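Report on one structure; see the data block that follows.
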Amino acid sequence: MSKKVGQLSLSKFADLYADKLASADFFVADEKQLLSLSEYPYRSDGYIIGICTRGTAQVEVNLQIYESVQGAMLLATPFHVLRIYNSSEDFLCRFIVFSKAFLTENSVNSHFLESFGYFKNASIPVIYTDTSDTKIVQDIYLLLQQKLALETHPYRVEISRSILMTLLYEIQAVYEKQHTIIKGKQTRKQELNVLFQDLVFHRYKEHRNVQYYADALFVSPKHLTETIKEVTGRTAGEWIDDAVILEAKVLLRNHEISIAHVADDIHFPDQSSFGKYFKKHTGMSPSDYRVVSAY
């Protein structure tokens, strides 16, 4: 058993579930049960759009619980730690998985995905569609599936990418019905936030100091903290600490992993310093959290 949060690579994901592959980093799966993904938390290194077509389940995203029912959509990024469990016997879903590189291959904007509200870090990762919206999303999914089946078509990948873009905009329209979204081109401050969030995702285990991120982004710590606070309502330090604490909580839920190993995995010098850090940010010791989180 892995002693880390599971990492589900695109290739492994595809081996388990892919019906049709457009490329090595883009595929769809039709109404598959997710039993092999349900026991332990995991991250995918791709973006996931899941559409529940039947039954019910509980979806845990970054330790928050959401109910999956028919028409519910899971919108997950590599920033999310996922677990699907307590599924009914008839629980089925369709999903699309793709990498950022696949979608932005022909785009000059490498942060195109972050322009969608539902792929931002602070967004709600599960949304509920009404009947008409469900039909629109399902129709686009089926069209995508049909195009991927045309394996000899010379522009199969390009057409599939265009259909995926259409789907992303349709989902944004659904998302905006449920959330107030400020539209418009990203400001420089919003762009800095995107770069910061991406850097935190890749470096939070090794670096918990705002100074490191400010240096990497060529700004002062003061400017970084003020900008992130203005854009997200939370400071840069809070985002870093939250990433670390989330990882710690997920690891602590697996009782086969010692607290010392958790401390080591998140690059703390020893168990004592990890314990103090964890208690400062959660109000309880790692061992106490392990007890209260057991279920």
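The values are calculated or read from the model by the stated rules, or taken from the named source; none is laboratory data. Keep in mind that this is a model prediction, so the values were computed, not measured. A quick note on method: Cβ atoms are made from the backbone with ideal geometry, for glycine too, and the neighbour counts reach across all protein chains shown.
So the values come out like this:
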| read-out | value |
| --- | --- |
| Where Glu151 falls short, out of the listed (1) within 22 Å of the chain's Cα centre (by Cα); (2) not in a helix (DSSP H, G or I) | (1) |
| Asn106 being modelled with pLDDT under 85 and over 20 Å from the mean Cα position of the chain (by Cα) | yes |
| One residue from Ile127, Ile159, Ile163 being touching a residue at least 24 places away in the same chain (Cβ under 8 Å) and closer than 23 Å to Ile96 by Cα | Ile127 |
| Enumeration of residues in region 204-225 that are charged (D, E, K, R) and free of Cβ contacts under 8 Å to residues at least 12 places away in the same chain | Asp215, Lys222 |
